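Undergrad: This is the structure I want to talk about, given as structure tokens.
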Amino acid sequence: MALATIPGYPRIGKRRELKRALEGYWAGKRSAAELEEVAAAIRRDNWASQMAAGIDLVPVNDFSLYDTMLDTIALVGAVPERFGWDGGPVGLDLLFAMARGSLGETSAPAMDLTKWFDTNYHYLVPELTPEQRFTLSSEKPFAELAEARVQGVPAKPVLIGPITWLLLGKMTPHDVELLALLDALLPVYTEAIARLAAGGAEWIELDEPALALDRTPDDLAAVRRAYAAFAEAKGGAKLLVQTAYGHVGEAYPTLAALPVDGIGLDLSRRGRKNLDLIAEHGFPEGMWLAAGVVDGRNVWTNELAASLELLRGLQERVPAERLMVSTSCSLLHVPYDVRTEKDLPAEIVPWLAFAEQKLAEVATLTRAINEGEAAVAEEFAANRAAIDSAASSPLRRNPAVRQRLADLPADADRRALPYAERSARQRERLALPPLPTTTIGSFPQTGEIRTARSAADAGALSPEAYERFLEGQIADVIARQEALGLDVLVHGEPERNDMVQYFGEQLDGFAFTHNGWVQSYGSRCVRPPIIYGDVTRPHPMTVRWARFAQSRTEKPVKGMLTGPVTILNWSFVRDDQPRATTCRQIALAIRDEVADLDAAGIAVIQIDEPALREGLPLRFADQAEYLRWAVECFRLAAAGARPETQIQTHMCYSEFGEIFPDIAALDADVLLIEHARSGEELLEVFRTEGYDKGIGPGVYDVHSPRVPDVPELAGALRAILTVLPADQVWVNPDCGLKTRKPEEVWPALEHMVEAAREVRE
Ligand code: GLN
Ligand code: ZN
């Protein structure tokens, strides 16, 4: 009999219970016991949903209070020195200190946060040194296994695999290989696996998504060494090495030959090449295959007949007795349940599958394999109808935007003048001091703002009253920025719930959920829009607020837009046409907005592209093509501005060094980049490559509540000036400030302006 399983499930809670519990705990309003209670309830609920849907092997320890990479840091005892850990079990507060930084006497900056593969999830980066020792320092996986078993859950404990965990780390010094620590790490994993086996696990899943990236022969040798080491420890349990996010390429023969019991492969569209690998190299006899036929990365209904055909095609090599029907990756990246959505256009609802629906798809496919298609005839018929309705719907096509794209002139993505001439005009127009100070756009989204927005959404606050409220907020932050002496001001984005959603809501072709939350990092969630049809802009989106803000000050106020690539990468995107096509449609909408802001007299327009880098395909061979159209889309949007209007862009959470030429090709007049957490190597690249435009490397980290003082900020700025010429440098924080509290933001900005003054002098 084939088994139904998934690699992981969302964990923020169906109504984001975990978010509230965490934030309550951090604010000192909830006890640790209350937090643990909420967490346990979410786990119970998740497991019950999966069992009710017919999942045979239910992932356990995929849950996390913050991040599973961080949990693994705790598990193996890799707590960085600055947190003053003296061994022993890693407790809650130490865990959160690593994630968020700590205050008071033990003040220490947070660990680095970065993107998980090509998703919009962020993990905490292990900080490693060649001397790193590892000891088992957390009971979490064992406790959660025991908890699940008490509840009768057919538990499949999940760990991040040792290869992936190490390869995602950061080694100091850089020239030491991360995998040099493998031998030191393996005993802890061996111990953990032995304990899970002793705890009654039938299957243990080790996640190795790092195998979906280009891997060297040395990496693959390390994979073999690692998994050979577990053969004994696993005892009676079976090991499943689970990959995700695409095909495993050159790692396939290694993976297939491991002394483990099963391997999990992405067989969705993006991992389809795994099928060729199986065909080419065969599939080992006796090995189980977790066949990820249901796409865990998007929200579109699976074409069940096609998936069944795919699974049947595999059966020659993988008999049903060794088949698991699964999703292509953890369902962490999709919302919980489409049935809770009441306001989606009725026609598109059947096109959509969130986590709950994907469980049903997996279970239905498993039944089709085990009991024959007749047993699931009803489900298959409903599925066929949904697939056909999506394919033929006029909601998908807007002839006008298709025509406009087809007719675009070849130089549509070029600004009217080269940078040198633009910058001369901009200098004259803006008349800024050296080392100009600015921020990235948002100011704290206070309780007051959120309350007003919900009241407006609920109709309790009239549109006029809400507008007046927002104007008050904007006037207030403009006045504060003037008082602090910032040079280029922002309106603070109080009208925006989210930097992508805000635009999507005003564009055609997008749908929105009320409860479609997906975890971004820690307690932070986003509600990605769903792009189901052609994109157009029916009316200006931001001009009104930019104009109002500018009317309150003589200083330049930035128009603030989210770039096309970020809108694309942070949405669930239709998969019936190339992503590049959808992105060009969005670029045209932003271009029109740029032109309207420019015409309204806005002298600086920031087009944020924090997600440009994260759309980068994982495999080198696919990257140039993506970068080509991504850069083109940004330029298409930016070229809506006249030469004397300054285009800024902002990027964060990324390693930019490797895409430096593409960043330069954006041709933005000023680049504001996250920097505070990543050290001077990033800037070295800009210097050695000879970047000639404005650049603002963030002088402080906005992901931590710490308020940096003037000497610290002046030091950061001086460090930047040892690498970059002063006439190019801007002074700004790492990212937007909306998640911070006012009492953290205003003193920090005051110190920043003061530091800039000091260094200027
Ligand atoms: N302008 C946005 C803000 O300040 C940028 C956010 C981001 O880069 N993630 O909030
Ligand atoms: Zn940012």
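FYI, it's all coordinate maths here, none of it is from the lab. This is a predicted model, so every value here is computed, not measured. Note that we place each Cβ from the backbone using ideal geometry, even for glycine, and neighbour counts take in every protein chain shown.
Undergrad: Taking Rh as the Kirkwood radius computed over C-alpha pairs, what is the Stokes-Einstein D of the range 395-534 at 37 °C in a medium of viscosity 0.692 mPa s, expressed in µm² per second? The partial results should precede the final answer.
TA: Values: Rh = 19.0 Å.
Taking Rh from Cα pairs, D becomes 172 µm²/s.
Undergrad: Please list the non-local residues whose amide H lies under 5 Å from the amide H of Val60, H modeled 1.01 Å from N, same-chain partners needing a gap of 5 or more.
TA: Lys156, Val158
Undergrad: So what's the back-of-envelope 222 nm ellipticity for the chain, counting only DSSP H runs of four-plus at -39500 (n - 2.57) apiece and dividing by all residues, rounded to 500?
TA: For the chain, the value works out to -12500 deg cm²/dmol.
Undergrad: Using amide H atoms built in the peptide plane, which far-off residues or other-chain residues are under 5 Å from Ala4 H to H?
TA: Here Asp56, Leu57, Val325 satisfy the definition.
Undergrad: Shape verdict for the range 563-651, please, from the Cα gyration tensor: rounded (a/c under 1.5), prolate (a/b greater than b/c) or oblate. Display every interim value, and only then the final one.
TA: Details: a/c = 2.44, a/b = 1.88, b/c = 1.30.
It is prolate, given that a/c is not under 1.5 and a/b is the larger ratio.
Undergrad: Next question. Starting from the Kirkwood radius over alpha-carbon pairs of the chain, derive D by Stokes-Einstein at 4 °C in a medium of 1.567 mPa s and give it in µm² s⁻¹. Intermediate results must be reported in sequence, preceding the final value.
TA: Details: Rh = 27.1 Å.
Once the numbers are plugged in, D ends up at 48 µm²/s.
Undergrad: For Asp411 and Gln577, what does the FRET efficiency come to when R0 = 25 Å and r is the distance between their Cβ atoms, rounded to the nearest 0.05?
TA: 0.50
Undergrad: Sticking with this one: If each of Glu761 and Lys29 carries a label point 7 Å out from its Cα toward its Cβ, how far apart are those two points in nm?
TA: About 4.2 nm separates the two model spin labels.
Undergrad: Counting alpha carbon pairs within less than 8 Å and at least 6 residues apart, what relative contact order, in whole percent, applies to the range 185-317?
TA: 21
Undergrad: Take the Cα coordinates of the range 207-304, assign each an equal point scatterer, and use the Debye formula without solvent to give log10 I(q)/I(0) at q = 0.11, 0.24 Å⁻¹.
TA: -0.32, -1.33
Undergrad: For helix 742-760, report the angle its Cα long axis makes with the longest principal axis of the Cα atoms of the chain; keep it between 0 and 90° and round to the nearest 10°.
TA: That works out to roughly 60 degrees.
Undergrad: For the chain, what relative contact order do you get, as a whole percent, if you take Cα pairs closer than 8 Å and at least 6 residues apart?
TA: Working: 1492 pairs, mean separation 92.7, N = 761.
The value is 12 percent.
Undergrad: Okay, next question. Once you place label points 7 Å from the Cα toward the Cβ at Asp622 and Ala460, how far apart are they in nm?
TA: Taking the simple label geometry, Asp622 and Ala460 are separated by 4.6 nm.
Undergrad: I'd like the distance separating the alpha-carbon centroids of the range 27-50 and the range 278-346, in whole Å.
TA: Computed from Cα coordinates, the inter-centre distance equals 29 Å.
Undergrad: Within a 10 angstrom radius of the beta carbon, how do Lys156, Lys14, Lys342 rank from fewest other beta carbons to most?
TA: Sorted ascending by nearby Cβ count, the order is Lys342, Lys14, Lys156.
Undergrad: Turning to a different aspect of this structure: Quick one: angle between helix 32-53 and the longest Cα principal axis of the chain, in degrees between 0 and 90, rounded to 10, please.
TA: Relative to the chain, helix 32-53 is tipped by roughly 60 degrees.
Undergrad: Angle, helix 182-198 long axis vs. longest principal axis of the chain, Cα atoms, 0 to 90°, nearest 10?
TA: Taking the Cα atoms of the chain, the angle to 182-198 is about 50 degrees.
Undergrad: With a Förster radius of 35 Å, plug the Cβ-Cβ distance of Ala479 and Tyr419 into 1/(1 + (r/R0)^6) and report the FRET value to the nearest 0.05.
TA: 0.55
Undergrad: Let me ask something else about it. Report, in whole Å, the centroid distance computed from the Cα atoms of the range 402-460 and the range 198-224.
TA: Each part's Cα centre sits 44 Å from the other's.
Undergrad: Something else: For the range 190-295, with only Lys/Arg (+1) and Asp/Glu (-1) charged at the beta-carbon, what is the dipole magnitude about the Cα centre, in debye rounded to 20? Each step should come with its number before you reach the end.
TA: Values: 10 positive and 16 negative charges, 15 e Å.
Roughly 80 debye for the range 190-295.
Undergrad: Arrange the following residues from fewest to most other Cβ atoms within 10 Å of their Cβ: Ser268, Ser49, Ser462.
TA: Values: Ser268 24, Ser49 18, Ser462 11.
In order of increasing Cβ crowding within 10 Å: Ser462, Ser49, Ser268.
Undergrad: What distance in nm separates the simple spin-label points at Ser107 and Glu177, each placed 7 Å from Cα in the Cβ direction?
TA: Label at Ser107, label at Glu177, 4.1 nm between them.
Undergrad: Taking the alpha-carbon centroid of each part, what is the distance from the range 532-567 to the range 692-761 in angstrom?
TA: 25
Undergrad: Taking Cα pairs under 8 Å and at least six residues apart, what relative contact order does the range 331-462 come out at, in percent?
TA: 13
Undergrad: Would you mind telling me the antiparallel percentage of the DSSP bridges in the chain, rounded to 5?
TA: Beta bridges within the chain, antiparallel portion: roughly 15 percent.
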